[in-house]
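Please treat every number below as a calculation from the coordinates, not as lab data. As the structure is a prediction and not an experimental result, all values here were calculated from the model. Methodologically, a virtual Cβ is constructed for each residue, glycine included, from the backbone with ideal geometry; neighbour enumeration extends over all protein chains shown.
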Amino acid sequence: MSQYESSTIKSRLHLILSQIAQLNQTSQQSTQLLAVSKTKPATDIIEAYQAGQRCFGENYVQEAVDKIAELKQYQDIEWHFIGPIQSNKTRLIAENFDWVHSIDREKIASRLNEQRPAELAKLNVCLQINISQENSKSGTDIKQVFELAKYVSQQNNLCLRGIMAIPANTDDINQQKQSFAQMQQIFNQLKAEYDSVDTLSMGMTNDMALAIEYGSTMVRIGTAIFGARAAKNQDKN
Ligand SMILES: *Cc1c(COP(=O)(O)O)cnc(C)c1O
């Protein structure tokens, strides 16, 4: 049994929040916690909500939309879509989410912009960057980030907030640092160019501390709060 299996969602959430607070003290910044609830039941989300958590991240559109409907009464939950986006799923995302972290091409941005309902606030957007340059990972190429940022910034129903990455899973600390440093640099460049940019979405359960050291403003934490996940069939996306 790992340390995460041993206690309640509430106590694990509070542990993570105190770790973030401590890391922020050293780096004099303020990092937000996005609780990643993919594959977990709505009851787990309610438990985290009752412990004070308001921002939740989901990866699979249909699963997420079902949970959002089920949790409709919790009106101050902020829903973040963080998974890969297929173009036939953009409407559901545009209609149900407050944030999207995983925009990696103009076509997806354009569809989300067109499909965002007029009565809703602008959809907050982070561009996903393929920081480790792996063919298998989603995300836009580093060279294309600024062009995509310009495109998104011109869409009326989207608000460009920043960038997101999922660095390659590696034990090589120098490679991890290099990826985070690169993200930080791109973030600072975008921030200088766009007033709306304030979000550097990086850091998960295994690399949270290092990500905060490199300026993360939003860590996306699943396992450390909700426990290990069963393998998920990607086809259900
Ligand atoms: C699943 C997921 C997370 C959370 O990962 P943990 O290791 O469980 O903390 C964060 N970001 C993205 C994009 C994910 O898909």
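When you work out D = kT/(6 pi eta Rh) for the chain at 4 °C and 1.567 mPa s, using the Kirkwood radius from C-alpha pairs as Rh and the Stokes-Einstein form, the result is 72 µm²/s. Divide the volume of the convex hull around the Cα atoms of the range 176-237 by the residue count and you get 125 Å³ per residue. Cross-link pairs exceeding 21 Å in C-alpha to C-alpha distance, out of LYS122/LYS150; LYS38/LYS72; LYS38/LYS89; LYS89/LYS150, comprise LYS89/LYS150. Counting every C-alpha pair in the range 4-94, the share spaced more than 16 angstrom apart comes to 58%. For LEU71, neighbours were defined as the other residues whose beta-carbon sits under 15 Å from its Cβ, and their charges (Lys and Arg +1, Asp and Glu -1) total -4.
Of the two radii for the range 111-237, the radius of gyration is 0.99 times the Kirkwood radius, both from the alpha carbons; that is the Rg over Rh value.
Thinking of the range 47-162 as a set of Cα atoms, what percent of all their pairs are more than 16 Å apart? Of the Cα pairs, 59 percent sit more than 16 Å apart. The ratio of the alpha-carbon radius of gyration of the range 109-186 to the globular-protein estimate 2.2 N^0.38 Å is 1.26.
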